[in-house]
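Just below is one structure, and these are the notes that go with it.
The values are calculated or read from the model by the stated rules, or taken from the named source; none is laboratory data. Only a predicted model underlies this, so the values are computations on that prediction, with no experimental measurement involved. For neighbour counting, all protein chains shown are included, and Cβ atoms are generated from backbone atoms with ideal geometry for every residue, glycine included.
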Ligand SMILES: [Fe+2]
Ligand SMILES: [Fe+2]
């Protein structure tokens with residue numbers, strides 16, 4: 001009995017805590033129940049890190065997969081940090097697929113990126129021109145027609161919001177503004193001041209003409225993006241969260257432009273004289289400015 005009590009194995013078991021303290025085991029005892037519990041707990045923790053969040057975190061240290069690279073919808077296929085419409089920030093923060101669908105995100109072709117660059121460049125300079133037109137019209141109009149002050153401020157504020165949005169977009173994607181910005185700045189200010197000088201009706205006719213053209217321009221972009229989205233769906237792809245969000249923003253902005261058009265008509269735009277000459281001339285000027293800004 002005493003021999004069994006004093007055997008090395010018995011001593012080791014009875015003094016295990018003290019021996020562990022003096023010389024910690026690198027290999028856990030196979031007979032130790034607490035050790036088995038720790039292993040079970042470790043296994044459970046391991047299983048918990050196999051959740052989607054854990055898997056996502058574990059993949060962040062690896063090179064991006066093609067799907068992750070494609071998550072940056074506007075990013076070119078190579079050299080994403082320096083491309084003309086690169087989206088480096090989105091490529092590090094966007095999930096590999098659209099959060100609304102599990103479909104892989106479509107990677108834009110060079111033609112599609114060129115279309116978006118041109119369209120967004122026009123949008124940015126167009127919104128700047130709209131701000132300048134209202135800024136030039138407001139003092140003259142409000143002095144003669146104080147009741148128009150809230151309306152002019154409302155439209156100006158919305159244009160300022162549109163301009164801020166497109167500034168953020170072209171800055172994020174490194175799309176250069178049109179080189180014609182100084183020319184359009186002068187032309188828009190002159191247009192706003194001269195139509196307000198002619199009177200309330202002429203100023204409203206100017207708004208009607210400009211908003212008709214810019215509304216058509218936004219409609220075209222929405223149509224093209226929806227066409228891309230439909231083709232993506234046919235291939236089992238998605239347009240990606242960024243472009244889907246852009247479509248929604250374009251629709252919102254287009255609707256606000258058409259609201260301005262309605263305000264202009266409600267405020268006697270069609271009473272301007274000579275109405276046809278004014279509106280057709282301004283619309284032709286807008287179309288020319290859009291055509292040039294897409295290219296220069
Ligand atoms: Fe606008
Ligand atoms: Fe507008």
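From the list 216, 195, 207, the one residue that fits, being under 17 Å from residue 148 (Cβ atoms), within 16 Å of ligand 1 (Cβ to nearest atom) and part of a helix (DSSP H, G or I), is 207. For the criterion of being modelled with pLDDT of 90 or more and within 16 Å of ligand 1 (Cβ to nearest atom), residue 250 passes. When segment 234-275 is filtered for residues that are under 23 Å from the mean Cα position of the chain (by Cα) and within 16 Å of ligand 2 (Cβ to nearest atom), the ones remaining, listed by number, are 249, 250, 251, 252, 253, 254, 255, 256, 257, 258.
Only one of the numbered conditions (1) part of a helix (DSSP H, G or I); (2) under 27 Å from residue 154 (Cα atoms) is not met by residue 228, and that is (2). Within segment 154-169, does at least one residue satisfy the condition of being more than 14 Å from ligand 1 (Cβ to nearest atom) and assigned to a loop (DSSP other than H, G, I, E, B)? Taking every residue of segment 154-169 in turn, none turns out to be more than 14 Å from ligand 1 (Cβ to nearest atom) and assigned to a loop (DSSP other than H, G, I, E, B).
For the residues 179, 164, 188, 230, the requirement of being within 16 Å of residue 128 (Cβ to Cβ) and modelled with pLDDT under 95 singles out 179. Being away from ligand 2 (no atom under 16 Å from the Cβ) and farther than 19 Å from residue 213 by Cβ is a property that does not hold for residue 151. Would you mind stating whether residue 290 is crowded, with 16+ Cβ neighbours inside 10 Å, part of a helix (DSSP H, G or I) and within 14 Å of ligand 2 (Cβ to nearest atom)? Spelling it out, it is not the case that residue 290 is crowded, with 16+ Cβ neighbours inside 10 Å, part of a helix (DSSP H, G or I) and within 14 Å of ligand 2 (Cβ to nearest atom).
Just to be sure before I move on: is residue 239 more than 22 Å from residue 130 (Cβ to Cβ) and in contact with a helix residue (DSSP H, G or I) (Cβ under 6 Å, 6 or more places away or on another chain) in the structure I sent? Yes. Of all residues assigned to segment 239-252, at least one qualifies as being in contact with a strand residue (DSSP E or B) (Cβ under 7 Å, 6 or more places away or on another chain) and farther than 22 Å from residue 178 by Cα. Within segment 105-148, being farther than 19 Å from residue 289 by Cβ, within 16 Å of ligand 2 (Cβ to nearest atom) and surrounded by fewer than 23 Cβ atoms within 10 Å (Cβ to Cβ) holds for 138, 148. In segment 237-253, the residues that are without any contact (Cβ under 8 Å) to a residue 40 or more places away in the chain form Cβ pairs under 6 Å with partners that are part of a helix (DSSP H, G or I) and more than 16 Å from ligand 1 (Cβ to nearest atom), at six or more places apart or across chains, as follows: 247/225.
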